[in-house]
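Here's the structure we're looking at; comments come further down.
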Amino acid sequence: GEIIKETIINYEADNAFISQHIKHVLMFHGDPALRLYPHQYPDFVLNSKESAISPNLVDTRLDSFQVDLNLTNIGRGIRDSISITVNQISPNGVKQFLTSTKIQTPKFETRFSLNLPVLKKVDNIGKNQLEIILDPENDIEEGSIQAEGNNTSSLPLFIINNDVRPIYPANYGIVSESEVILQASSTNTFSEN
């Protein structure tokens, strides 16, 4: 690198265009003094646009559903494992723990899947949020507040209920007819007849 630098300084050719052009195209290819990747710490980010929940609408009749997550490291690659915690936030704002796991830290990008349980509570019907927290205990140093601040992401989770509920006769109702026809309705208005 220093030889090329001295060559540019001491180039004794005339000031013709081609001579100036030669000075400009001399580069430091392979110079060990150049740092190509200057990050000192890793920086883990969950790419929520590349992550998905399967099936799109989670039915309460299911025992579990799958979440495909895309984890990206936009900093320095390290050999370690990273903890991941997943919480479910119900429509009324109650946070419920689902799972915690450890995976190998990615050098750049990795995809992995988690099977999560369906929490079958009445309060969970509707639009929920999955809160995914990378390195929740801050075990891995990421170097700055901004790098630590992007470790939480959320995905929308829609839970539907396809139960059948009796509507007639009313609960504890008195019926005067000897022949009673039980009538029921689905709790999902968009379900098939």
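For the reader, a short list of remarks on this structure follows.
- Within the range 76-114, the set of residues being small (Gly, Ala, Ser) and either surrounded by 14 or more Cβ atoms within 10 Å (Cβ to Cβ) or within 21 Å of residue 44 (Cα to Cα) (or both) comprises 77, 81, 83, 90, 100, 113.
- Residue in the range 51-59 that is among the aliphatic types (A, V, I, L, M), at pLDDT below 90, surrounded by fewer than 18 Cβ atoms within 10 Å (Cβ to Cβ) and more than 20 Å from residue 129 (Cα to Cα) present: no
- Inside the range 115-125, residues that are at pLDDT below 90, surrounded by fewer than 18 Cβ atoms within 10 Å (Cβ to Cβ) and in contact with a Ser or Thr (Cβ under 7 Å, 6 or more places away or on another chain) make up a count of 2.
- Qualifying residue in the range 65-72 (condition: outside any strand (DSSP E or B) and either buried (at least 16 other Cβ atoms within 10 Å of the Cβ) or at pLDDT below 95 (or both)): no
- Selection status of residue 55, free of Cβ contacts under 8 Å to residues at least 60 places away in the same chain and under 19 Å from residue 151 (Cα atoms): no
- Condition met for residue 128 (loosely packed, with under 11 Cβ neighbours inside 10 Å, closer than 17 Å to residue 66 by Cα, modelled with pLDDT of 85 or more and not aromatic (Phe, Trp, Tyr)): no
- In the range 13-38, the residues that are over 30 Å from residue 107 (Cα atoms), exposed (fewer than 10 other Cβ atoms within 10 Å of the Cβ) and either at pLDDT below 65 or touching a Pro at 6+ places or on another chain (Cβ under 7 Å) (or both): 14
- When residues of the range 39-50 are limited to those that are open to solvent by less than 90 Å² (accessible area, probe 1.4 Å) and under 9 Å from the mean Cα position of the chain (by Cα), the one farthest from residue 107 (Cα to Cα): 48
- Qualifying residue in the range 131-149 (condition: touching a strand residue (DSSP E or B) at 6+ places or on another chain (Cβ under 9 Å), among the aliphatic types (A, V, I, L, M) and surrounded by fewer than 14 Cβ atoms within 10 Å (Cβ to Cβ)): no
The values are calculated or read from the model by the stated rules, or taken from the named source; none is laboratory data. Fair warning: this is a prediction, and the values are worked out from it, not measured in the lab. Positions of Cβ are backbone-derived with ideal geometry, glycine not excepted, and every protein chain shown enters the neighbour counts. Heavy atoms of the whole protein, side chains included, go into the accessibility calculation; ligands, DNA and RNA do not. Shrake-Rupley method; radii C 1.70, N 1.55, O 1.52, S 1.80 Å.
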